[in-house]
1. Can you list residues whose amide H is under 5 Å from VAL136's amide H, if they're 5+ apart or on another chain and H is modeled 1.01 Å from N?
2. Among 191-201, 42-52, how do they line up by average Cβ neighbours within 10 Å per residue, starting with the highest?
3. What number, in nm² with one decimal, is the all-direction average of the projected area of the convex hull of the alpha-carbon atoms of the range 101-194?
4. Any idea what Rg and Dmax come out to for the range 7-249 if you just take the C-alpha atoms, in Å?
5. Search the structure for amide H atoms under 5 Å from the amide H of PHE169, placed 1.01 Å from N in the peptide plane, and list their residues when 5 or more places away or on another chain.
6. Ignoring everything except DSSP H segments at least 4 long, calculate the 222 nm mean residue ellipticity for the chain; use -39,500 (n - 2.57) per segment, divide by total residues, nearest 500.
7. Which whole-Hz ³J(HN,Hα) couplings does the range 239-246 yield from phi under the Karplus relation 6.51 cos²θ - 1.76 cosθ + 1.60, θ = phi - 60°, glycine and proline marked x?
8. What residue among SER147, SER222, SER187 shows peak mean-square fluctuation when the chain is described by a Gaussian network model with Cα springs under 10 Å?
Amino acid sequence: MDTAAHGTPDLGRVVVVIPTYDERENIEAIVARVRAAVPDASVLVVDDNSPDGTGELADALAAADDHVHVLHRTAKNGLGAAYIAGFGWAREHGFDVVVEMDADGSHQPEELPLLLAALRDADLVIGSRWVPGGKVVNWPRSREALSRGANVYARIVLNVPVHDATGGFRAFRAATLEKIGLDGVASRGYCFQIDLALRTLRQGLRVVEVPITFHERVHGQSKMSRDVIAEAAWRVARWGVEARTARFRR
Ligand SMILES: Nc1nc2c(ncn2[C@@H]2O[C@H](COP(=O)(O)OP(=O)(O)OP(=O)(O)O)[C@@H](O)[C@H]2O)c(=O)[nH]1
Ligand SMILES: [Mg+2]
């Protein structure tokens, strides 16, 4: 690929990684919006063999646009595993910036330039619902309570100075992913996001939150489940205990 044609001036080449599982009704519109919002960036759809045919639809989008790529995986293996595969692809293809974004329209591609601008002075930028200026639109109270509760819990247990540690609209420098090392990441569900934020902070890297407007999905089904919540709760508790024990030993 030609860097001049595919790059953004001072950040280098950007890829927006979009994990999908049964997002047939959303994938076309979200890819089109990303392409319009950041025309120099590439898109990588990471599909876990969605039964609804999202992978084939993504292939058709890729065939029509050389900035769109698809990574097919064989089975639904969780968001974390899909992202790690996508990050590996981005590394092999020499991208300098890797963005995480949901397919369901909750994250607004039009806000990508804001995230990328903030990355000029950061190693990880988190699009945040829970900083001044951040908003959620059409979210049921129960979901808002879950997200706020999860963030308060993570802040107390892990002492992380981040307001939206579970947020999944993010921009990483490729160098950040390299430094934090992804081999030991076992988180599968949305605690993957907390895990990566924590690893980035522990490396002494710069994490910046920018306010975003988060919209409840309109089409398709949420993959949030009790298992995902339970995994986050016990992993965060374990990381908290590990951090305290390490401090005690020092
Ligand atoms: N490849 C892959 N993608 C997944 C998997 N689980 C979720 N996703 C995708 O990850 C993104 C976020 O999943 P959602 O179902 O929206 O979960 P959520 O945003 O936590 O929940 P809602 O707020 O209720 O939508 C979407 O693009 C999903 O299609 C998975 O196991 N594999
Ligand atoms: Mg969602």
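Every read-out reported here was derived from the displayed coordinates using simple, explicitly stated rules and does not represent laboratory data. What you see is a predicted model; the values in this text were computed from it and never measured. Cβ coordinates were reconstructed from backbone atoms using ideal geometry, including for glycine residues, and neighbour counts include every protein chain displayed.
1. The answer is PHE214.
2. Working: 191-201: 23.9, 42-52: 21.4.
So the order, starting with the most tightly packed, is 191-201, 42-52.
3. On the way: hull surface 28.0 nm².
The orientation-averaged projected area of the Cα hull of the range 101-194 comes to 7.0 nm².
4. Calculated on Cα positions, Rg and Dmax stand at 17.0, 57 Å.
5. Residues meeting the amide H criterion: GLY127.
6. On the way: 9 runs with 108 residues, N = 250.
Theoretical 222 nm ellipticity from helices: -13500 deg cm²/dmol.
7. Each residue's phi maps through the Karplus curve to give 4, x, 5, 4, 5, 5, 5, 4 Hz.
8. SER222
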